[in-house]
Protein chains: 2
Amino acid sequence: MALRHIALFRWTDDVTSAQVQEVVDGLSRLPSRIPELRAYTFGRDLGISEGTYDFGVVADLPDEKALAVYREHPDHQAVLAVMRPLIADRASVQIRVPDPE
Amino acid sequence: MALRHIALFRWTDDVTSAQVQEVVDGLSRLPSRIPELRAYTFGRDLGISEGTYDFGVVADLPDEKALAVYREHPDHQAVLAVMRPLIADRASVQIRVPDPE
């Protein structure tokens, strides 16, 4: 079994599209720099439903050790430094998922 | 591009393990009954991190029409009826993800 880390974010009211794009650009660089990431999907909420959060990140990793590597990686920390002032609310879980086929 | 629907839940304080198991059992039946679900992962939070929600669901669907089918499907509604009284908090997003290869 592998591990799926999920984090959802609500941005502050005064967030700009350029700031969110900076987050997207930063996250886009992580898969090539953090080989522990088996799959990495993220993006803006599509606005289909009422009451949703604004942004989601799903990181698929082999195990808890890899999750720790991802979290502490300097390139990840650099994106978090960009994100942190934009975050009004955050919800996260880690769940077990089947290994990729 | 496909669509990823993510929902995280915090249970009420008095939730029982048997109630959560009933949710797990109900969700487990959905992929065979809702062909629109390309992938469906869910589970209890692993307790690795502080402040996490209790349960996560990730539904991969081809598009918004399929999301609507999933949401309104009677078997999904039956699981929601089990879940609803257990939910203290819910966070969700829908994001675009690459099509499966």
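A short reminder: the numbers here are calculations on the coordinates, not readings from a lab. Predicted model, so just to flag it, every value in this text is computed and none were measured. Cβ atoms come from the backbone with ideal geometry, glycine included; neighbour counts cover every protein chain shown.
Just the ratio, please: alpha-carbon radius of gyration of the protein assembly as shown over 2.2 N^0.38 Å, N its number of residues. Compactness ratio reported: 1.00. The H on the amide N of A:Asp45, modeled in the peptide plane, is under 5 Å from the matching H of A:Phe55, A:Gly56, each at least 5 residues off or on a different chain.
For the stretch B:48-88, take the convex hull of the Cα atoms, compute a quarter of its surface area, and give me that in nm², please. Don't jump to the answer; show the numbers that get you there.
On the way: hull surface 16.5 nm².
Directional mean of the projected Cα hull area for the stretch B:48-88 stands at 4.1 nm².
Measuring from each Cβ of chain A to the axis carrying A onto B, the nearest residue and its distance in whole Å come out as A:Ala91, 2. Taking Cα atoms only, the orientation of helix B:74-83 departs from the longest principal axis of chain B by about 20 degrees.
In chain A, the longest principal axis of the Cα atoms and the axis of helix A:17-28 are about 10 degrees apart. Report, in deg cm²/dmol and to the nearest 500, the calculated mean residue ellipticity at 222 nm for chain B, where each DSSP H run with n ≥ 4 adds -39500 (n - 2.57) and the sum is divided by the residue count. Rounded to the nearest 500, the figure is -9500 deg cm²/dmol. The Stokes-Einstein estimate for the stretch A:5-101, based on a Kirkwood radius over Cα pairs and taken at 20 °C with 1.002 mPa s viscosity, is a diffusion coefficient of 152 µm²/s.
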